[in-house]
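Just so you know, all these numbers are worked out from the coordinates, no wet-lab data involved. In this text, all values refer to a predicted model and were calculated from it rather than measured experimentally. In this analysis, Cβ positions are derived from the backbone assuming ideal geometry, glycine residues included, and neighbour counts consider all displayed protein chains.
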Amino acid sequence: MELLRELVPNPALIAMLNPTWTRFKTVSKEIAEAARAAGHRVELVEASNEREIHSAFKRIEQLRAQALLVGADPFFGSRREQIVTLANHYAVPAIYEVREFADAGGLMSYGTSLTDAYRQIGVYTGRILKGEKPAELPVVQSTKFELVINLKTAKTLGIEVPPNLLARADEVIE
């Protein structure tokens, strides 16, 4: 949320695109409360199938949202081309959780490095195959996060990316 606010200062309304699954209700509520505490109005827009994604973006346009936060969900990952295309079509600056969205033309992503997570899965698999008991392995959380900014998309949307945000990016797509 903070990175999106740096890119789009003082948005009157931030839309949050989330799936309708129950497990996202708590996370969405926490993000919305944080945004409200920072003085921003937040509107939750839900979608859980291809048709609903189109409807969600029409709703985002009707709301005149100045920014979009796309929730993390495997379904959204499978529909990233559609979501990125619609966000760019409706000219709404969006932030996504994984870099694959920025690679697909999304404006910006910040989240866990999937490459690093898959590497850790391989390490654990190797340890189990060598005889370690899964129940005795420690729980590991992601420690590598990536900020990726797509300058081509920023230019298309007419957004000037602040130099301090560019300096913090792990990768800039030009």
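Legend: calculated FRET efficiency, Ser55 to Lys130, from the Cβ-Cβ distance at R0 = 41 Å, rounded to 0.05, equals 0.25. Helix 114-129 and the longest principal axis of the C-alpha atoms of the chain enclose an angle of approximately 20°.
Against the main long axis of the alpha-carbon atoms of the chain, helix 80-89 sits at an angle near 20°.
Radius of gyration over Kirkwood radius for the chain, both on Cα atoms: the Rg/Rh ratio is 1.02.
List the relative contact order of the range 28-174 as a percent without decimals, with contacts defined as Cα pairs under 8 Å and 6+ residues apart. Over the range 28-174, the number comes to 17 percent.
Across the range 27-35, coupling constants 3J(HN,Hα) worked out from phi with the 6.51/-1.76/1.60 Karplus curve, θ = phi - 60°, read 4, 4, 5, 5, 5, 4, 5, 5, 5 Hz, and Gly and Pro carry x. Roughly what % antiparallel, to the nearest 5, for the DSSP beta bridges in the chain? Beta bridges within the chain, antiparallel portion: roughly 25 percent.
Simple rule: put +1 on each Lys or Arg Cβ and -1 on each Asp or Glu Cβ in the chain, find the dipole, and look at Leu137, Thr156, Pro93; the Cα lying farthest toward the positive end is Leu137. Taken along the Cα-to-beta-carbon direction at a fixed 7 Å, the label points for Glu160 and Val140 span 4.4 nm.
Between Arg64 and Arg168, take the C-beta separation as r, use R0 = 30 Å, and let me know the FRET efficiency to the nearest 0.05. Calculated value: 0.55. Within the listed set Leu107, Leu68, Leu137, the Gaussian network model of the chain (springs between alpha-carbon atoms below 10 Å) gives the highest mean-square fluctuation for Leu137. For the chain, the longest principal axis of the alpha carbon atoms and the long axis of helix 50-63 meet at an angle near 40°. The length gained by stretching the chain between Ser48 and Ala34 to full extension, at 0.36 nm per residue less their Cα-Cα distance, is 2.6 nm. Computed over neighbours whose Cβ is under 14 Å from that of Gln66, the net charge equals 0, Lys and Arg +1, Asp and Glu -1.
Mean projected area of the Cα convex hull of the range 111-174, taken over all directions, amounts to 5.7 nm². Among the lysines of the range 22-174, pairs at least eight places apart or on separate chains and with Cα atoms under 29 Å apart come to 10.
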